[in-house]
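The values are calculated or read from the model by the stated rules, or taken from the named source; none is laboratory data. Note that this is a predicted model, so its numbers are computed, not measured. Surface areas here come from the heavy atoms of the whole protein model, side chains and all, with no ligands, DNA or RNA. Shrake-Rupley method; radii C 1.70, N 1.55, O 1.52, S 1.80 Å.
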Amino acid sequence: MWINGGAGPPAVLVPALRCRAPAALPVIFVVREIPSRQRHPAASQAGAYPDSGLAGAARPLQLAGKGTAIRMPGLSAARLFPAVLILGALLPFGAGCTRQPPVTGVTPIKAANPGALWQYLLGRDPDVELFRLRGPFRVTGQDDVPIEAAPGTTASADFFFCAAGERLPLVVLLHGHANSKDDHVFQALHLASWGMHAMTVQLPNRGPWIGNGRTLARVIESVHRTPALAGGTFDPDRIILVGHSFGATAVAAALAEGAPAMAAVLLDPAGIGRRLPSLLARVRVPVMVIGADEEIWPTRNRDYFFRFIPRGVAEISIRDAIHEDAQYPTERASPPGDGPIATEESQITFVSALTAAALSLSATGGLDYAWSSFRAALESGRFFNARRK
């Protein structure tokens, strides 16, 4: 995997690359040219984008980094590569594999440890814009850790550790339909740089999603019961679940099953399953819903989450953001055809809101700090449709 092992704040943190190209080929990074956004004609029919390649005009991206681990077919053993990843040292690779995480810059805030950082932040006027930058802490990681979900059944997880602390909150991120844990590496890195440990989980990405929720609940129970599975460095009483798209249905099911989590953040959630309303009614922890712009791409049954969670739930939408902006896709960034596509600007906006919510929940147990941090964005129109109960 990757690791930022240098002293001081992180430079460019580059995840492990899961390549499908032959080992003899170099790696190319391509994205589509970004057209103007408009409501996609199939939007009302979908909860998540269908599978698609990167079609249309393309331009190359280059990867910054030295000592990066590149996974090729046939190499199953996870490796941990220490490296200092240097800004500006752009190393071109040659054939298609994944995308470079956005270069967001590093916060000027200095703190000895996460506790000191949170004390500093909570003592000042909150502003979600602050979290568009990476945090002040180094991040290390470990790939493909097996976590027992049931006797004889394991789930694969990647860990992202904030190097500046031990008993820190653990934020667990679950992908959506036809996606993988790799699509949440950027978010996990960002959270860890702000003083939280993070974990991305791989579950069957075609569902069933309520069944995935039961599996997720058992995974969280295993980690809670045996913190050594996660390096033994996190606070088992401060676990936050994050789900994107149908992964949010799984998170809701896990909470209804009694997963030992203190809160949840749902990223443009999509609802599926006849039992979902009754499961949402059993959720008893604070929940933050961060949605895309439904005027562009309404997500399937997103309204269920605010409607059926009885209390302690808040929701905002991000102007001009689409469903895929709620992750950082490694292999595709848009639906097929001429529909709207994901942009780094909106993905950074999503991760800033996620970071504000996760910090608010883990440091205070509630959403007041995050809600206050959204005020300026709501006044400017970047965030809209805010509601809370």
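Couple of notes before you dig in:
- Restricted to Cα atoms, the range 274-388 shows a radius of gyration and a Dmax of 14.7, 44 angstrom.
- The range 133-269, relative contact order [Cα under 8 Å, separation at least 6], %: 27
- Here is the size of the range 269-314 from its Cα atoms: Rg then Dmax, 10.7, 31 Å.
- Built amide H within the under 5 Å cut-off of residue 292, gap 5+: 268, 318
- Computed over the Cα atoms of the range 151-248, the ratio of the radius of gyration to the Kirkwood radius (Rg/Rh) comes to 0.95.
- Sulfur and carbon atoms: percent of accessible area, the range 205-334 [1.4 Å]: 48
- Converting phi to 3J(HN,Hα) with the Karplus coefficients 6.51, -1.76 and 1.60 and the offset θ = phi - 60°, the range 298-312 yields x, 9, 4, 6, 4, 5, 4, 5, 6, 5, 9, 6, x, 7, x Hz in sequence order, with x at every glycine or proline.
- Cα centroid of the range 256-280 to Cα centroid of the range 185-233, whole Å: 15
- The alpha carbon radius of gyration of the range 213-347, expressed as a multiple of 2.2 N^0.38 Å, is 1.10.
- Computed with the Debye formula from one identical point scatterer per Cα of the range 94-230, without solvent, the log10 of I(q)/I(0) at q = 0.11, 0.12, 0.17 Å⁻¹ comes to -0.46, -0.55, -0.97.
- Segment residue 345-residue 235, length gained on full extension (0.36 nm per residue, minus Cα span): 36.4 nm
- At full extension, residue 226 and residue 120 could sit 35.0 nm farther apart than now, given 0.36 nm per residue minus the alpha carbon distance.
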